[in-house]
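See structure below.
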Amino acid sequence: MIVNKAFYFIRHGKTDWNLNKASTQQTDIPLNNRGIQQAQKASLLFKHITLTAVISSPLLRAKQTAETLSSFLGLPLSFNNGLQERNFGSAMEQCNEIIIGPESEPKFEKRVIFTLNSILESEELPLIVSHGDVLSVISRVLLHENISPDNCVPYLFIPPTQENPRWTLSTLVENI
């Protein structure tokens, strides 16, 4: 069960590895110039939205995106290991648990949903900065569909209401 609260999600800006369609997984890849520009442009989309915090994956590409957003918006920034991309084979610490070796899809989904719930329990309207596979899990669980997110496009997840009993997704822009 997911906490019934709206939240924003944005995938990190572009990296050189994204341009080459290489899977970055948990490799610490920085944003390229395009990714930095995307984060700056995305910041402008949130200027009239009352967010409470920016919570990010600690991986460099998400961290750089989140730092740009939180700085522009004057919001607190925190990092959560549970928002990291799926672990395909190295040791990592997440949710107070050490994982060695590849992370199974069910374990990855459990981690992402646990992390999402803990964020929603503590923040009124957070902006989550993370990765494509994390967003895929969230969209599969909440929307029962798999979306392929573009870099730095803000998504608003809207919880069910009496009028609409399903989670819905809204995009702030078509493309940055």
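What follows is calculated from the coordinates using simple rules that are stated; it is not laboratory data. No experiment lies behind these values; they were computed from the predicted model shown. Every residue, glycine among them, receives a Cβ derived from its backbone with ideal geometry; neighbour counts consider all protein chains shown.
How would you rank Leu77, Leu116, going from fewest to most other Cβ atoms within 10 Å of each one's own Cβ?
Arranged by neighbour count, lowest to highest, Leu77, Leu116 become Leu77, Leu116.
Counting neighbouring beta carbons within 10 Å and listing from fewest to most, the residues Lys14, Lys107, Lys47 come out as Lys47, Lys107, Lys14.
Counted residue by residue at 0.36 nm each, then reduced by the alpha carbon distance between them, the extension gain from Ser122 to Ser104 reaches 3.7 nm. By the rule of a C-alpha distance below 22 Å, with chain neighbours fewer than 8 residues away ignored, the lysines paired with Lys5 are Lys47, Lys110.
In percent, rounded to a whole number, the relative contact order of the stretch 23-85 is 40, using alpha-carbon pairs under 8 Å and six or more apart.
Converting phi to 3J(HN,Hα) with the Karplus coefficients 6.51, -1.76 and 1.60 and the offset θ = phi - 60°, the stretch 63-74 yields 4, 5, 4, 5, 4, 5, 5, 5, 5, 4, 8, x Hz in sequence order, with x at every glycine or proline.
With the convex hull constructed from alpha-carbon coordinates only, the stretch 106-176 shows a mean projected area of 5.3 nm² over all directions. Sorting Leu127, Leu135, Leu73 by the number of Cβ atoms found within 10 Å of their own Cβ, with the fewest placed first, yields Leu73, Leu135, Leu127.
Subtract the Cα-Cα distance of Thr161 and Leu60 from 0.36 nm times their separation in residues, and report this length gain in nm to one decimal.
32.7 nm
Coupling constants for the stretch 139-147 follow from the phi torsions by the Karplus curve (6.51 cos²θ - 1.76 cosθ + 1.60, θ = phi - 60°), and in residue order they are 5, 5, 6, 7, 9, 6, 8, 10, 9 Hz; glycine and proline get x. Amide hydrogen proximity for Ser56: with H placed 1.01 Å from N in the peptide plane, the residues at 5 or more positions away or on another chain lying under 5 Å are Ser78, Phe79, Asn80, Val129.
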